[in-house]
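Below you'll find the structure, written out as structure tokens, and then a few comments.
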Amino acid sequence: MHALELDSAALAAQTILESSGETSRAEDTALRMCAAFQLEGAQIMAFPTGFMLSAVTRDGLQTRVFRISERSIRLDRIDEVNAISRKVAKGALGAADAWRLLNELRARPSQPWYLASLFYALAAAFFTVMFGGWVKEFLLSFLIGFLVQTIQFPLARRGVPGQLRAFILGFLAAALAALAMRALPGGQEALLTGIIMPLLPGLAMTNAIRDTIRGDLISGLARGAEALISAVLLSAGAAAALWLQGMIWTA
Amino acid sequence: MDSLIRALACMAAAICFGKLLRQPRSTLVFTALIGLLGYAVYQLVGGLLGFFLSGLLVGILCELTARVAERTTTLFLISSIIPTVPGLGLYRTMMALSENDLERAGALGLETLAGIGAIALALTFAAILFGSIRPFRRIP
């Protein structure tokens, strides 16, 4: 019972969904790969949280069911799976090679934490300047941004759900920004807005609209809810911290 | 001078954000430029129309670049649109919430939501224009 053709198509779809690619891209990629491998009657039904793929292989009708529990944004993986599936569709890549390449791609270690934190910190700092901050706000935004991204790793490792992480990070960012502005008065608006910009669910929002327009209503609603809930929890966390500091300093 | 520094910061922020999301290096220049254009259009026009026009421009440029580079549109879209996303509106909503001013929070929140909706609508128009959103079809 070994159908490498079906397995590599399923692995491609799984990688796309785990990297926060569109549902339609996962479906299209798997179907194109099945067609290139000459599997008949391929059918796929994908959601942001899992998919089912079935096709007729040499051993008869087979189905693969996958649950996607943890998703992160990995644009490089979406790009590389796209390149692999294009090669497969042109007939330049066999099932065994596609399987090997996909596994190599998945085994590659992700960005080390300090690089992710550094890029988050720089993005936050530059957003702060874009919103009218200056040297002091730039430096504070860099420091707080670095902390906010760094704290994500132990939280994720301990299995804190993504939506709850948004609340904690929003709270932390606003609390630190408010404290910093107490010590060194300046543009709190530019500082805090810059820090939370990279946390906003831009990709989920864009994909939600794309999925909904295409007619993938379940995916669209799921992603829309994901975007809305994380934006609301992020703001709730930040608002809670700002409210708390208002209470403490007026008391 | 001030707007030059803001423009540079906008491009630098888009690049760093792209690096955070592991965007391939060769696409970073394009997203920085498109991001800056989108942000400039929003600054010039302002309001809901500004969000819509900015989203439309970013969407069209990203679809074009993706076609030329033979890569997926998503790769370009995310860090190009991030400078235009109404972060300030969200911040002001939170401030109003923390001051218990529910009326202002509601108005600001709705305005922010409408801005996000305008961007999303514009991006969708751009995608439909280039036929990158197709209804589900069987691949023979």
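Give me the Å³ per residue figure for the convex hull around the C-alpha atoms of region A:5-80.
Dividing the Cα hull volume of region A:5-80 by its residue count gives 69 Å³.
Mind checking the dipole of chain B: about its Cα centre, +1 per Lys or Arg Cβ, -1 per Asp or Glu Cβ, Debye to the nearest 20?
Charge dipole, chain B, about its Cα centre: 760 debye, nearest 20.
For chain B, which DSSP H helices look membrane-span-like by this rule: Cα extent along the axis of 30 Å or more and mean Kyte-Doolittle of at least 1.0?
B:47-69, B:102-129
What are the trypsin sites (Lys or Arg not before Pro) within region A:129-186 that DSSP puts in a loop, where the Cβ has at most 12 other Cβ atoms within 10 Å? List each step's numbers first, then the result.
Working: sites: A:Lys136, A:Arg157, A:Arg158, A:Arg165, A:Arg182; in loops: A:Arg158.
Listed in order of number, the matching sites are A:Arg158.
Which of B:Met1, B:Met94 has the fewest other C-beta atoms within 10 Å, and how do the rest follow up to the most?
Arranged by neighbour count, lowest to highest, B:Met1, B:Met94 become B:Met1, B:Met94.
For region A:78-167, compute Rh as the Kirkwood radius over C-alpha pairs and then the Stokes-Einstein diffusion coefficient at 37 °C and 0.692 mPa s; write the answer in µm²/s, rounded to an integer.
Diffusion coefficient, whole number: 204 µm²/s.
Calculate the spin-label point distance for B:Ala107 paired with A:Leu143, positioning each point 7 Å from the Cα along the beta-carbon direction, and give it in nanometres.
Between A:Leu143 and B:Ala107, the label points sit 3.7 nm apart.
Tell me, what is the percent relative contact order of region A:4-107, built from C-alpha pairs under 8 Å that lie six or more residues apart?
Value for region A:4-107: 32 percent.
Would you calculate, for chain A, the mean residue ellipticity at 222 nm contributed by helices, counting each DSSP H stretch of 4 or more residues as -39,500 (n - 2.57) and dividing by all residues, to the nearest 500? Before the final figure, lay out the partial values.
On the way: 10 runs with 177 residues, N = 251.
Computed mean residue ellipticity for chain A: -24000 deg cm²/dmol.
What is the average number of partner chain Cβ atoms found within 10 Å of a Cβ in A:212-222?
Details: counts 3, 9, 8, 4, 2, 0, 0, 0, 0, 0, 0.
For this peptide, the per-residue mean of nearby foreign Cβ atoms is 2.
Restricting to Cα pairs below 8 Å that are 6+ residues apart, what does the relative contact order work out to for region A:175-251? Please round to a whole percent.
It comes to 29 percent, rounded to a whole number.
Fewest first, what order do B:Asp2, B:Asp101, A:Asp76 take by the number of other Cβ atoms within 10 Å?
The order, fewest Cβ neighbours first, is B:Asp2, B:Asp101, A:Asp76.
Please list the equivalent ellipsoid semi-axes of chain A, computed as the square roots of five times the alpha-carbon gyration tensor eigenvalues, in descending order and whole angstrom.
Here the semi-axes work out to 43, 18, 14 Å.
Compute the separation of the alpha-carbon centres of region B:25-47 and region B:61-97 and state it in Å as a whole number.
Spelled out, the Cα-based centre of one part sits 9 Å from the other.
When Cβ neighbours within 10 Å are restricted to other protein chains, what is their mean count per residue of peptide A:32-40?
Partner Cβ neighbours, averaged per residue: 1.
As I understand it, the dipole of the protein assembly as shown uses +1 on the Cβ of Lys and Arg and -1 on the Cβ of Asp and Glu, about the Cα centre. Which of A:Gln163, A:Gly94, B:Leu97 lies farthest toward its positive end?
Of the candidates, A:Gly94 comes out farthest on the positive side.
Suppose we keep just the DSSP beta bridges with both residues in the protein assembly as shown; what percent of those would be antiparallel, to 5?
100 percent
Can you give the mean number of other chain Cβ atoms that lie within 10 Å of the Cβ atoms in peptide B:75-82?
For peptide B:75-82, the averaged partner shielding equals 4.
Over the Cα atoms of region A:113-250, compute the convex hull volume and normalise it per residue, giving Å³.
Taking only Cα atoms, region A:113-250 has a hull volume of 115 Å³ per residue.
Suppose every Lys and Arg Cβ carries +1 and every Asp and Glu Cβ carries -1, with no other charges. What dipole size does the protein assembly as shown come out with about its Cα centre, to the nearest 20 debye?
With Lys and Arg at +1 and Asp and Glu at -1, about 640 debye.
Once both labels are modelled 7 Å past Cα along the beta-carbon direction, what's the B:Val45-A:Thr250 spacing in nm?
In this crude spin-label approximation the distance works out to 3.9 nm.
What list of whole percents do you get for P(r) of chain B, with Cα-Cα distances grouped in 10 Å bins up to the one holding the largest distance?
Going from the shortest bin to the longest, the percentages are 12, 36, 32, 15, 4, 1.
Checking understanding here: applying a Kyte-Doolittle mean of at least -0.5 and a length along the axis of at least 27 Å (C-alpha), which whole DSSP H helices in chain A pass?
In chain A, the long hydrophobic H runs are A:135-157, A:162-183, A:217-250.
In region A:7-67, which trypsin sites (Lys or Arg not before Pro) fall in coil by DSSP and have 11 or fewer other Cβ atoms within 10 Å?
Those satisfying the criteria are A:Arg58.
Can you tell me the relative contact order of region B:2-129? Whole percent, Cα pairs under 8 Å, sequence separation 6 or more. Could you put the intermediate results ahead of the total?
Working: 159 pairs, mean separation 37.1, N = 128.
Across region B:2-129, relative contact order equals 29 percent.
Every number in this text was worked out from the coordinates using simple rules, so none of it is lab data. These numbers come from a predicted model, not from an experiment. We place every Cβ from the backbone using ideal geometry, glycine too, and count neighbours over all the protein chains shown.
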